[in-house]
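Okay, so here's the structure we're looking at.
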Amino acid sequence: MSVRLLIADDHTLVREGMRSLLGRTIEGVEIFEAHDGHEAIRVAMRERPHVILMDIQMPGLNGLDATRQIVRQAPESKVIVLSIHQDEAHMLQAMRAGASAYLAKDVGVDELTAAVVAISRGDAVHGHTPSRVSRVLEQSATEISPVMLLSGRQREILQLIAEGHSTKEIAFRLGLSAKTVETHRRLLMSKLEIYDVAGLARFAVRSGLVSPER
């Protein structure tokens, strides 16, 4: 069967590298690209890919929130989160967001190819999932990450704050009034009990919403 594949990553070289490699190793693959979470959603809605390779840390809208929206609006598209993070906290967030698999970015080409093909066929991916993920989910069934206390809009605003955008800039990007953005800011600060921008930025980095480099 042919595979429709979306690669969502904010690094052009990463996208081009995966496109080149997977274009050679998966017969009949059709590849689309997105440079951030918002574009990933738009392309997924338009092209309805079988599989999406989703980076977590992307500007504007991170891969986890993009995954949540995609699996809700286009459940036929299966997401493989491909991340530099190999800790169980990030894996748990990805699986709770609706990802079908979680792979580290240092995975080999053969394993990545096998994962894409398996997910496109509806099969489970072995290795990083499902056994380890199942154990993490069982152990953390009652654990709630602080970032999960926020609404999707609040997480989006938190990310933009951490990326250094002003209230006016955030309002323009999201099509909201500055007053609405300030209301969301106050609510997320109250929920997290963090009342300064520097603290919010550190929290966003720890939660994997933004890269420490931004």
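Since every read-out is calculated from the coordinates, none of them should be taken as a lab result. Only a predicted model underlies this, so the values are computations on that prediction, with no experimental measurement involved. Glycine gets a Cβ as well: all are built from the backbone with ideal geometry, and neighbour counts include every protein chain shown.
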Folded to 0 to 90 degrees: helix 63-73 orientation relative to the chain principal axis, Cα: 70
Net dipole in debye of the range 4-139 [+1 Lys, Arg Cβ; -1 Asp, Glu Cβ; about Cα centre; nearest 20]: 380
0 to 90° range, to nearest 10: angle between helix 109-120 axis and the chain longest Cα axis: 80
Descending Cα extents along the principal axes, the range 153-214, whole Å: 28, 23, 16
Candidate lysines - alpha carbon under 24 Å from LYS105, same-chain residues fewer than 8 apart omitted: LYS78
At a temperature of 20 °C and a viscosity of 1.002 mPa s, determine how fast the range 1-123 diffuses translationally according to Stokes-Einstein, using the Kirkwood radius over alpha-carbon pairs as Rh; express D in µm²/s, rounded to the nearest whole number. 155
Between SER2 and GLU88, how many nm apart are label points set 7 Å from Cα along the C-beta direction? 4.3
Go ahead and set up a Gaussian network model of the chain, Cα springs under 10 Å, then flag whichever of LEU187, LEU64, LEU92 fluctuates most. LEU187
Taking the chain on its own, what percent of its Cα-Cα pair distances exceed 21 Å? 53
Taking loop as defined by DSSP and a crowding limit of 16 other beta carbons within 10 Å, which chymotrypsin sites (Phe, Trp or Tyr not before Pro) in the range 168-214 fit? TYR195
What's log10 of I(q)/I(0) for the range 35-93 at q = 0.27, 0.29 Å⁻¹, Debye sum over Cα points only, no solvent? -1.14, -1.27
For each of LEU13, LEU209, count neighbouring Cβ atoms within 10 Å of the residue's Cβ, then give the residues from fewest to most. LEU13, LEU209
In the range 58-125, which GluC sites (Glu not before Pro) are in a loop and have at most 10 other Cβ atoms within 10 Å, using DSSP for the loop call? GLU76
Straight-line reach check, LYS191, cutoff 26 Å on alpha carbons, 8 or more apart in-chain or any other chain, hits among lysines -> LYS168, LYS179
